[in-house]
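Report on the following structure.
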Amino acid sequence: MQVKIYKPTKTSMQSGSIEQKWLIEFVQADSSKFIEPYLKRTSSSDMMNEVVLSFNRLNDAIDFAKNNNYEYEIIRPQKLRLIKKSYADNFK
């Protein structure tokens, strides 16, 4: 089974820079999806895509994946770029 390890991005409602936890999310196989005949909606026979595990450190998440023989992919967060702005720049 394959998992991805990542830090979630903050929502647009958050302004602070709180430290996010590392998450492990199971990658869903395409063969587990099907269309229900009566309700005509997409469903899945694999419920592991509903499971999300959180860890305080990246090494803990990697150790969990290795101990359970999961193939893992690490998605590292991008660095925040701060652009220095001045109110006076609006009037040049």
| request: Among the residues of the stretch 25-78, count how many are under 21 Å from residue 10 (Cα atoms) and over 16 Å from the mean Cα position of the chain (by Cα). | output: 0
| request: Please give the number of the condition residue 51 fails out of (1) loosely packed, with under 10 Cβ neighbours inside 10 Å; (2) at pLDDT below 90. | output: (1)
| query | Looking at (1) of a type outside the set (Phe, Trp, Tyr); (2) free of Cβ contacts under 8 Å to residues at least 12 places away in the same chain; (3) surrounded by 14 or more Cβ atoms within 10 Å (Cβ to Cβ), which is the only condition residue 5 fails? | reply | (2)
| query | Is there any pair linking a residue in the stretch 42-54 that is closer than 14 Å to residue 26 by Cβ to one that is in a strand (DSSP E or B) and among the hydroxyl-bearing types (Ser, Thr, Tyr), with Cβ under 9 Å and at least six apart or on different chains, and which? | reply | 50/44
| request: Quick one: residue 17 ticks every box in (1) within 30 Å of residue 82 (Cα to Cα); (2) free of Cβ contacts under 8 Å to residues at least 24 places away in the same chain except a single one, so which number is it? | output: (2)
| field | Inter-residue pairs, beta-carbon under 6 Å, first touching a residue at least 24 places away in the same chain (Cβ under 8 Å) and in the stretch 58-78, second in a helix (DSSP H, G or I) and surrounded by 10 or more Cβ atoms within 10 Å (Cβ to Cβ), 6+ apart | value | 72/65
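The values are calculated or read from the model by the stated rules, or taken from the named source; none is laboratory data. The structure presented is a predicted model; accordingly, all values stated were derived computationally and were not measured. Backbone-built Cβ (ideal geometry, glycine too); neighbour counts: all protein chains shown.
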